[in-house]
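To keep things clear, I will list the structure first and then write my remarks on it.
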Amino acid sequence: MFSFYDISNSIHQWLSSQMGSTAVMLIEMAIVGVLAISLFAFLGLLLVYMERKVAAFMQLRLGPNRVGWKGTLQTLADTIKLLFKEGFSPDASDKFLFNFAPILVIVVAMLLLAPIPFAKGFQIYDINIGVFYISAVSSIGVIGILMAGWSSNNKYSLLGAMRSGAQIVSYELSAGLSLVVIVAFSGSMSLTQIVQSQADGWWIFKGHIPAMIAFVIFIIAGTAELNRAPFDFAEAESELTAGFHTEYTGMRFAMFFLAEYINMFIMAAVGATLFLGGWMPLHFGNLSGFNHIMDFIPHIVWFMGKTFFLIFVLMWFRWTFPRLRIDQLLTLEWKYLMPISLFNLLLVALVVIKGWHF
Amino acid sequence: MELEQPAISDTGDFTINMGPQHPSTHGVLHLKVTLNGETIKNVEPHLGYIHRSIEKMSEASTYRNFIYLTSRMDYLSAHMNNQACAMVVEKGLQLEIPPRAKVIRMLMSELTRLASHQLWWGALGLDLGAITPYFLGFRDREEILDIFEETCGARLTMNYNVPGGLMYDIHPNFVGKVKTFLKNFEDHLPEYKQLLTGNIIFEERTKGVGILTPEDALSFGCTGAVARGSGISCDVRKWNPYDGYETVQFEEPMETGCDCYSRYVVRIREMEESVKIIEQLIDNIPEGEFQAKTKVVLKVPKGEYYTRVETARGELGVYLVSDGSSNPYRIKYRSPGFSNLAALNTMAKGNKIGDLVAIMATLDLVIPDIDR
Amino acid sequence: MTNEDLKSLITQHVSEAVFEEGQFLNAIVDGSKAFSLLKSIRENPETEFDYLFCQSGVDWKEFFYVVYHLSSKKHKHTLVIKAKITDRVNPRIESVAGIWKTAEMNELEIFDLFGIKFNNHPNLRRLFLDDTWGFPLRKDYTDDVNIVSL
């Protein structure tokens, strides 16, 4: 059957037969780099288009429908427009930080792509501390936002950046703790092994109530980490005009924009991998006939299907809920989500030790 | 770059300028907000970005013409503004307008109020970060504007009132279309409640925020939903009925929460009351003239006249001083938005920036109404 | 209170007050005496004018009026006080912003458009126009550029 594993393996073997191991590694790195960047660009275009269509669907509108078939080329046209726009920077801004911030944000988003298993054996870097890597690297992104807000020399930007700092630092705890729940269940931090451990059922089904609670908390905390509505404090259009990227124009702005969507994809991908089985098809214990039929659907379809379902949920949130207030946001985290997460962790420890999960 | 004065004072206060170009000031309101972190210390409105001195322009135009300027004040309740002006001239001339004109004026006023509140509801959602309500509000508002367009030829600045009645008779489709609208709107009103009223985030954002005590509300001269949200009865249609409002049955919605949520609930209930009024009137439009006979050149006798109407934002008063000529000697518009804006500082102090936006949204400010 | 009662009450305070009966009861008093009268009728429990629903200026060429439209939510009576200011060069009157908070903004507007200064106003500034502009609602205001007379 069609499999990414075979393709990547055969390329590796062919290259190895042609040249030395160092050269193979360099060429493979180049290929992966090109693939990652193209995936990036493609995802950016696709997700922006999807967001606009989902928003239109919820708001009784048509959405983009002029450029290309059903408006599919609209985001491409927008990108070209942004490319040609003037890269303006305020007079009193700190030029180095101002220019560096969008690059940092986008590099962080790119780094996060590394440990995600897209399909069986199709993964950039199968690191054995994948979960830890993700929670560590994703927290660097906030530094880029803080840099952007501070260097703009604009009070709205500064307020947005400071909000974002407070928000991401707090919500990382809940997000991290909900990831730990799955680590405890599967006994591994490697994303590949976490996916393998779900071969007989996804953790959201196998893990009883603790996994459900962890999933809900992960979705809430993840939305907050992404700075998306109802937690879009860093931008908070109606309060801070555009928050930390008020002063950004052209391609620099587009980088923030792109990074937001890539982060959304990664967050959904991590959620899908940990809770919904990643590329693993839907399997139920002993129903071998059913399981066999499910195996016919390619892994990549399973993975993308779950990821895009979660992305749709995130968009649904954004277009339905009003925004919280900053103090309410912190109250929600420190007084509700955090204690629940900690208690949930205890519960999971009990479940795992007693072996109550399937 | 050397700054002339420190951006942040010793106490940690700093000033940001909200507006005149800001997504949530709904126009060109300029607020000088003194903040300490996220907490508001002081709000000072600076006006004049859309000041056209309509009062001065009115002094140069005739009694027939000055009415049209008032559509540009509170453009969301243009019909009621026109009505107040037409009424003050009628009062001066001691004109009695035909019953048909009265009923149509009431119908149009209530439709305008509904349209205005629908826009407000959408904009409130937008200010609080929910974008979908805006489109749902506009869906229903569009139907009303279509009805206006058919009868008056204009969708926003209708100019349908003239001294002595109405400019034209209603369009033959008017009654049918209003009935269709009412049926649709009754289906849609539960959606309004679903999206915002029952939403926990919305309630968290509005309950207990922007407290305006009844004493303050009266002292600031607040009217409309702002005062009624603080438990002050101030509906002009109730205690000083004009143009036949004494003949219809409706309630004056009141809440005692004094916060943003109360003002929100008052407006939602006002919509229901408006629907009730329209339902009572739509089948009972009397036959007859739509305009009383007037002279070509109107000359209001020397004296002073004051009329008021309940617009979507509160009490609009028109104070006319006449010297007996064909132009008004002095016109003063007591606009509801101006008084309501004055209360903003009191309500916002000590709250967060996010609350300031919520408070402004529930004040339902229309800037041309404030600047005039 | 009926209009007659109000009349006698005002005459007690300001003996030379002139009354006009129109739509509402009008009382014309001198600008210097307006403040104490307004304060007393606000605080008097029998009148209790707690709602200043309109405050405006009128330019009658020789003098200004500052017109206070007052009503009471409790007693449901209405009264119009007109404070007369004869000094056109430097018109001044006491601010009532301490009595009715709405006056703070309304007085800013009157100052901006008529040039009537309000003593003891918390923050008297030009609200709409810039500091170099004249006072457009005065009848002798001329502007060759911006005014188009009909």
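B:N345 passes every criterion in (1) over 17 Å from the mean Cα position of the chain (by Cα); (2) more than 10 Å from every other protein chain (Cβ to nearest Cβ); (3) open to solvent by 10 Å² or more (accessible area, probe 1.4 Å) apart from (2). Scanning the range B:129-162 for residues that are free of Cβ contacts under 8 Å to residues at least 12 places away in the same chain and within 14 Å of chain A (Cβ to nearest Cβ) turns up B:G129, B:I131, B:E142.
Yes or no, residue by residue, for (1) farther than 20 Å from A:I134 by Cα; (2) out of contact with any strand residue (DSSP E or B) (no Cβ under 8 Å at 6 or more places or on another chain):
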| residue | (1), (2) |
| --- | --- |
| A:K155 | yes, no |
| A:L158 | yes, yes |
| A:A161 | yes, yes |
| A:I168 | no, yes |
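Scanning the range B:348-360 for residues that are open to solvent by less than 10 Å² (accessible area, probe 1.4 Å) and either under 18 Å from B:V265 (Cα atoms) or not in a helix (DSSP H, G or I) (or both) returns B:D355, B:V357, B:A358, B:I359, B:M360. Looking for something assigned to a loop (DSSP other than H, G, I, E, B), open to solvent by 10 Å² or more (accessible area, probe 1.4 Å), in contact with a helix residue (DSSP H, G or I) (Cβ under 6 Å, 6 or more places away or on another chain) and within 11 Å of chain B (Cβ to nearest Cβ) - is there at least one such residue anywhere in the range C:104-127? Taking every residue of the range C:104-127 in turn, at least one turns out to be assigned to a loop (DSSP other than H, G, I, E, B), open to solvent by 10 Å² or more (accessible area, probe 1.4 Å), in contact with a helix residue (DSSP H, G or I) (Cβ under 6 Å, 6 or more places away or on another chain) and within 11 Å of chain B (Cβ to nearest Cβ).
Within the range A:336-348, residues that are more than 13 Å from A:A175 (Cα to Cα) and open to solvent by less than 40 Å² (accessible area, probe 1.4 Å) have Cβ atoms under 6 Å from residues that are at pLDDT below 90 and not aromatic (F, W, Y) in these pairs: A:V348/A:V181; A:V348/A:A184; A:V348/A:P210, counting only partners at least 6 apart in sequence or on another chain.
What do you reckon, is C:N146 modelled with pLDDT of 85 or more and of a type in the set (S, T, N, Q)? For C:N146, the condition - modelled with pLDDT of 85 or more and of a type in the set (S, T, N, Q) - is not met. Pairs meeting the criteria (first residue in the range A:230-241 and farther than 16 Å from B:M360 by Cα and at the interface with chain B (Cβ under 7 Å from one of its Cβ atoms), second residue of a type in the set (V, I, T) and surrounded by fewer than 24 Cβ atoms within 10 Å (Cβ to Cβ), beta carbons under 7 Å, at least 6 apart or on different chains) are A:P230/B:I201.
Quick grid of which residues meet (1) more than 28 Å from A:R318 (Cβ to Cβ); (2) among the hydrophobic types (A, V, I, L, M, F, W, C); (3) open to solvent by less than 20 Å² (accessible area, probe 1.4 Å); (4) modelled with pLDDT of 90 or more:
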residue	(1), (2), (3), (4)
B:Q94	yes, no, no, no
B:G122	no, no, yes, no
B:G137	no, no, yes, no
B:T157	yes, no, no, no
B:F174	yes, yes, yes, no
B:Y192	no, no, yes, no
B:T197	no, no, no, no
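Residue count for the range A:130-166 satisfying the condition of being over 19 Å from A:D232 (Cα atoms), open to solvent by less than 30 Å² (accessible area, probe 1.4 Å) and within 15 Å of the chain's Cα centre (by Cα): 4. The set of residues from the range A:172-204 being in contact (Cβ under 8 Å) with a residue 60 or more places away in the chain, open to solvent by 10 Å² or more (accessible area, probe 1.4 Å) and over 22 Å from A:K120 (Cα atoms) comprises A:L173, A:L177, A:V180, A:A184. Among the residues making up the range C:59-84, those that are in contact (Cβ under 8 Å) with a residue 24 or more places away in the chain, open to solvent by less than 10 Å² (accessible area, probe 1.4 Å) and out of contact with any Leu (no Cβ under 9 Å at 6 or more places or on another chain) are C:F64, C:V66, C:K82. Under the condition of being surrounded by fewer than 17 Cβ atoms within 10 Å (Cβ to Cβ), within 13 Å of chain B (Cβ to nearest Cβ) and touching a helix residue (DSSP H, G or I) at 6+ places or on another chain (Cβ under 7 Å), the residues counted in the range A:81-105 number 1.
Exactly one residue out of A:G68, A:G33 is within 25 Å of A:M267 (Cα to Cα) and either more than 25 Å from the chain's Cα centre (by Cα) or loosely packed, with under 14 Cβ neighbours inside 10 Å (or both): that is A:G33.
The values are calculated or read from the model by the stated rules, or taken from the named source; none is laboratory data. As the structure is a prediction and not an experimental result, all values here were calculated from the model. A quick note on method: Cβ atoms are made from the backbone with ideal geometry, for glycine too, and the neighbour counts reach across all protein chains shown. Accessible surface is based on the protein model in full, side chains and every heavy atom, while ligands, DNA and RNA are left aside. Shrake-Rupley method; radii C 1.70, N 1.55, O 1.52, S 1.80 Å.
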